[in-house]
Every structure is written in C-alpha cells, then in structure tokens.
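Encoded as structure tokens, the structure appears first; notes follow it.
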C-alpha cells in the first residue's frame, strides 16, 4: 500500500475524447470465471485488426460477487459464473474504430469456454472522469519480485506511470491471481489508484498499464471508495 495524505490532487484539465468503451448487450447463461483467453480467442477471428490495434482492450465480463443466494466461485477456468441480462460485453477502443468494431461484432454468436454467447447492440460510453480507478488485473512478469512483494509491485507501477506523466498518491494492490492460457498462467494483481487528477485519470484509462490488454489486463475502471482491493473475476 502507498498512501500520501499530505497533498491533494487538483482536479483540473481535460483530455481528448479519442478512446471510448463499447458496451454490447449479450445473451449468455454462464461463463467460466477465468474466461479472458477464451473470450479474446473467440473475438479475434471477427475483427480483422484485433492484434494490430494497441489500444484495443477487452474487459473481463464481470458479475456481482453474490446474487439470489449464489456466490461467485474462486478464480478458476473450471468454475462458472451466472450471467444476468444486464451484464455487458465491454471493449475499450479508439473512437475512430468504434463503428467498425460495432459492425464486426453486433449479431455474432461465439463460444467462450464451451458456453454460447450472442452479441447484441452496442452503446458508446465515454471514459469516466472519476479520479479513483481500479484495474482488476495488471500483468506481472513471471520472474518478477512483484509476485511476492507488494512494495516491489507498486514501485514498478510508479516507475511506469511516471513515464505517462502520472504520479501515484494513493495506491492499493490485491494478491496475485492467475489468468490461465495454453502457454501457461499469467500472474496479475488488482490495482486501485486514488487521488488522480481528472487529466491523469483520462490518460490512464486511454493508455492502460502493461501488456495483455485483450485479456483484460491494465484496463482501468471508475471505482468509488478506497476499501481494500481483492482479486476479482
């Protein structure tokens, strides 16, 4: 944890609205908790430039921790989450690509980890101006000290963000969670940053942090509150 109470961020500044989220309605009963690789692999053939667009991010499909007596199981490719009608498939994309991506995906039916998912209509959502952000997964190098040392993880994050002109004021990270792929697991940590300026927040949401963006890594979302960060599906 890193916490600096001495200086408050000044919430000024704007950023060009060049990156947006697309929120697609979906028809799907259930999905594996750890579905990042399967989802990206199912979307890739439908989007000709999927691997060529560095700012393309695929959000993990997230559901509530509990609902109607059901509780989300631990992060595993063998466990399933229940998907409600309100759940959306979200992709972060340069605005200039948005209409093309909608045309590529709307109406398509894909298979994700053995489960059928039908993609419906999309809405364009601007990035949030919230100054507290959460990334559910930030990738960690398998041989990194950050695997076992939270201080080392946050130090590496601070160094990377410095290159984007973003200063860490308040930060919390979660314990290590593995994303499973055929080439082996990718270790990640959840990361919350608070006290950003609006300009820093928009820049971080636009640029992301670290590799594996199409696996849901390094994608920041608005987060209310500063409670401890836990690994999330």
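Since every read-out is calculated from the coordinates, none of them should be taken as a lab result. Small disclaimer: the values here were computed from a predicted structure and weren't measured. Because the Cβ atoms are built from the backbone with ideal geometry, glycine has one as well, and the counts that use them run over all protein chains shown.
This ranking places 35, 59 by how few other beta-carbon atoms lie within 10 Å of each, fewest first, which gives 59, 35. Available extension along the chain between residue 121 and residue 151 is 6.5 nm, counting 0.36 nm per residue and deducting the alpha carbon span. Residue ranges 168-178, 133-143 sort as 133-143, 168-178 when ordered by packing (mean number of other C-beta atoms within 10 Å per residue, highest first).
Give, in nm to one decimal, the length gained when the segment between residue 141 and residue 84 is fully stretched (0.36 nm per residue of separation minus the Cα-Cα distance).
On the way: separation 57, 0.36 × 57 = 20.52 nm, distance 3.40 nm.
Gain on stretching residue 141 to residue 84: 17.1 nm.
Set the Cα radius of gyration of segment 134-233 against 2.2 N^0.38 Å, with N its number of residues, and you get 1.00.
For the pair residue 175 and residue 158, label points projected 7 Å from Cα toward Cβ lie 2.5 nm apart.
Could the peptides 23-31, 47-55, 196-204 be put in order, highest first, of the mean number of other beta-carbon atoms found within 10 Å of their residues? Present the calculation step by step, with values, prior to reporting the outcome.
Values: 23-31: 17.3, 47-55: 12.8, 196-204: 21.4.
Going by the mean number of other Cβ atoms within 10 Å, highest first, we get 196-204, 23-31, 47-55.
Each label was represented as a point 7 Å from its Cα along the Cα-to-Cβ direction; for residue 18 and residue 52 these points are 1.9 nm apart.
Can you tell me how segment 19-126 classifies by the Cα gyration tensor, rounded, prolate or oblate, using a/c under 1.5 as the rounded cut?
Details: a/c = 1.91, a/b = 1.67, b/c = 1.14.
The shape class here is prolate.
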